[in-house]
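The values are calculated or read from the model by the stated rules, or taken from the named source; none is laboratory data. All of these numbers come straight from a predicted model, not from anything done at the bench. Please note: Cβ atoms are built from the backbone with ideal geometry, for glycine as well, and neighbour counts cover all protein chains shown.
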């Protein structure tokens, strides 16, 4: 009966393995120890010492000469093997990478223990311990490889099968498709704790100088890796050592030092050359060259607090970035038309907006009212045929506004009545004066896109503590801070009138773990983590609603106000708890683990601020909007209601989301060496 229960438990745990999160920030030393004849040597004491911190663990070979030391932080180690009747064998400067199983074998020589055989850096060059396809990038490579914006996740694209899909795929996954899987299938970890947002992609991007290793797992991951069908991208951060060490840097880019693009050298700068004649004549100083000012500076510092026991590592990085958004062609009102609106309708909303939010750039290629309408003003002066007769009073009032503004002549209308019963009168606006102009919407930005997508404006930092009180326990904790700001935020043509949507993005988070050795064959690691994703978009001038001046015709005329969905807030919290037990028994290496993840989203996405659409600039000048859109709560109550035919009362309401869910994963894995030196 007990055997049946154990079998059932094994199958149940194995069935949950696909949901488990990874435990990949540590490494394993393993190998066999033999005598000069090649026979296994049992009961050999293997001492493994971290060169940087002097932290020491021991392991003992079993009857087949196999030893294993698990859950060791990446770094450089000194290894020694001692047994009665044999010379002491030492192997110095052996590198251990994150998430790897490093095989180091010893061939003992007969002699006294006080005699020492010393080698340096000897380890298996080929991984024979597992079948995972993995790519590891070290801290030295990270420091020397060119990275635009020093974003370490660009290293994903060094691995075979990883493709850059910037501009063609817009899912969250750092613009990388791995082995043909969808972009948001990629997984992201920091020190073994999830760094993946609920909608995919990495949240925090650590400072490059704090990364000890970057590892990407692509195929044949073991049961302890899960929650992402694509690649697993794990970053392991640096820790302090017994020696004080640090770094400092300053990188900058400035458009003043760059050559312009060929095609941009054919485009006039609307600020310096509004007519376009200077640029066309070859004066490239008057051609459009987008501003790009980027400074990235920072420092790291780490060392001991208590020698051999307690260590720290701190970092800070500041990014200062200014550029312009992609320019777009727009249409704007002419100064003559703006003045006419103020004279005809001084108390109108249109005059208030035109007067206070003028286009930032001048326009070219003027079009008159007669050209715009084709000389036919029937739609404005005689609109009765386009409305319900019940609306006749409102229609007459609107027609009177247009008659006052445009004036009336016998050639204004083309219907059978000739003049629609209107009497000739003088108007305010000059129909042959400029009415509409071509212009360009250019506005500032502090967030990069496409080729400059890694550039941003903000500050980030981290602080890590490592504590090893004794040979059986090891603790670490790290806090990460990241704040990105953009004083302009997401923009459209209204930003060409000075409207902005300030944006703040925050990614605070942290990880902590406790590794405890119960015996030479039993080890436990407990880990907790937290990651926040907060995106706040505001409105600098919230009192002006979103207004499309030619929203129905959609001719590109610059409107007013911020998007009706702003202010908008998105707050995501991911809490991670996990535990893994490693057990060595003979030629078997067991891993039993559990992961618990609590996901919380609190967000506000609504259009409670209304938006308005005018048929064209003339209707906008007359304060006659064609359409209003707003978020509406119908007020429908949940049963039981007082009446089955309850009539809901429409009201503006915000769309607040409070989403909660749990993820639970269990796994069991047995790595069995059926003979010495092989899986």
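Here is a yes/no grid of residues against (1) part of a strand (DSSP E or B); (2) out of contact with any strand residue (DSSP E or B) (no Cβ under 6 Å at 6 or more places or on another chain); (3) surrounded by fewer than 18 Cβ atoms within 10 Å (Cβ to Cβ):
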| residue | (1), (2), (3) |
| --- | --- |
| 518 | yes, yes, yes |
| 525 | yes, no, no |
| 529 | yes, no, no |
| 543 | no, yes, yes |
| 564 | no, no, no |
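When segment 188-207 is limited to residues that are farther than 17 Å from residue 165 by Cβ and part of a strand (DSSP E or B), the one that is nearest to the chain's Cα centre (by Cα) turns out to be 196. In a residue-by-residue description of segment 484-499, the property of being assigned to a loop (DSSP other than H, G, I, E, B), touching a residue at least 24 places away in the same chain (Cβ under 8 Å) and in contact with a helix residue (DSSP H, G or I) (Cβ under 8 Å, 6 or more places away or on another chain) applies to at least one position.
Looking at the structure I just gave you, is residue 17 within 30 Å of residue 75 (Cα to Cα) and modelled with pLDDT under 50?
On the way: within 30 Å of residue 75 (Cα to Cα): yes; modelled with pLDDT under 50: yes.
Answer is yes for this residue.
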